[in-house]
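Structure record follows, encoded as structure tokens.
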Amino acid sequence: MKTEIVWMILGMGLVTYIPRMIPFVLFKGKELPPFIQGVLKNVPYATLGALIFPAILFIQKEDIWYGVLGAAAAFIVAFLGANVIVVVLGSIAVLSLYSYLM
Amino acid sequence: MSDLAISRESSEYKKGIQAGISIGIGYFPIALTFGLLAKTSGLSIYETVLMSLIVFAGASQYISLSLIAYGTGIFEIILTTFIVNIRHFLMSTSLNEKVEEDHLLNKLIYSFGITDETFSVVATKEGTAATGYLFGVISVSYSSWVVFSGLGHLIGASLPKTLQESMGVALYAMFIGLLVPSMKKSVKVVFLAILGAIFNSIFTMGHFMAQGWAIVTATLLSAIIIETAEVIKMRNRSVHHED
């Protein structure tokens, strides 16, 4: 292994670990003002919205409908109350079929 | 008594593993491609696996490969990694409100495994999250990431193009699968997700800021706006009651 690359990896690991770790060590949790606690409870759902859009539209660079179809398939299967794994496999199946037909 | 505690931990661990399987599936094509790209960028298989073992953050690992290819210096690569991964700070802060009390050592270990995906699975779980559950989710995800990074380098080829593309939807489908049940239960969740999506689309597609900052800013803005709206609504309601 090249020493330079190893140092780079260690540095990348350190700067990635610190933001992940600090909140668990520094904040006690459940003691913040109610407003801040409310905001933190909102974070997962706002994050999910941001993680899905706009990235899902660009999973296939040439065809934006590919992403739209994948999102719609996942949304419908999830809305019917299916388990997350079924949602994942279902949307993969729908897109495989779409590529096969196109 | 201690037997009871141990069996509870192990059942939480199993639940975590089950919940983590979607992540394991979703990481498979991405890790495989990472391994392949790392090979073409000139990294050895040891360096590739070491990076997945130590960094465990997909987007920044991909970016580091293109920066290596550009001949960017180490310091800039590390700085970019920091900026791309700063969003985990917000995720850990939010998750810290949900995990059960535990030794510092356990928290030091599982905090290493906070990614967009493990965070999403644990944060949308009902009730508090036990340490065993976190370890379960993280161990499936981490194994998938590390093993398939190595495999991608080893076989030096990605999946057939159509399968590769259709599997690319996996993690997004998982995010949708985690979000929708909560959306059905609460209008607040619907507004949060839509606002987060709109802000992030504006920030990333308008090229206002780097991707790491776009997600953090979009999330914080949405979470604060909706919380403020709810506080105002509550206040108005109580004023009406006083009349």
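A short reminder: the numbers here are calculations on the coordinates, not readings from a lab. Computed from a prediction, not measured in an experiment: that's the story for all the values here. Don't worry about glycine lacking a Cβ; one is built from the backbone with ideal geometry, like all the others, and counts go over all protein chains shown.
Quick notes on this one:
- Label-point separation in nm, residue B:207 to residue B:161, each point 7 Å along Cα→Cβ: 2.8
- Label-to-label distance, nm, for residues given as residue B:14 and residue A:86 (7 Å Cα→Cβ offset): 2.2
- Nearest-ten-degree value, helix B:58-70 long axis tilted from longest Cα axis of chain B: 40
- Taking a point 7 Å from the Cα of residue B:53 along the Cα-to-Cβ direction, the residues of region B:135-150 with backbone N closer than 12 Å to it are B:146-147, B:150.
- Under 18 Å from the Cα of residue A:41 - aspartates and glutamates, other chains or at least 8 residues apart: A:31, B:97, B:100, B:101, B:116, B:117, B:126, B:227, B:230
- Percentage relative contact order, region B:183-243, counting C-alpha pairs under 8 Å, at least six apart: 32
- Under the Karplus curve 6.51 cos²θ - 1.76 cosθ + 1.60, θ = phi - 60°, whole-Hz ³J(HN,Hα) for region B:131-142, x wherever Gly or Pro sits: 4, x, 4, 4, 4, x, 4, 5, 5, 5, 5, 5
- Folded to 0 to 90 degrees: helix B:45-54 orientation relative to chain B principal axis, Cα: 20
- A convex hull fitted to the Cα coordinates of region B:68-180 yields 148 cubic angstrom per residue.
- Shape parameters for the protein assembly as shown, alpha-carbon atoms, Rg then Dmax in Å: 20.3, 75
- Lys-Lys pairs in chain B that are eight or more residues apart or on separate chains and whose Cα atoms lie under 30 Å of each other come to 26.
- Computed from the C-beta positions of residue B:104 and residue A:79, the FRET efficiency with R₀ = 35 Å rounds to 0.25.
- Entry for region A:3-101 at q = 0.13, 0.18 Å⁻¹: log10 I(q)/I(0) = -0.79, -0.93, Debye formula applied to identical alpha-carbon scatterers, no solvent contribution.
- Compared with the dominant Cα axis of chain B, that is its longest principal axis, helix B:87-96 is turned about 50°.
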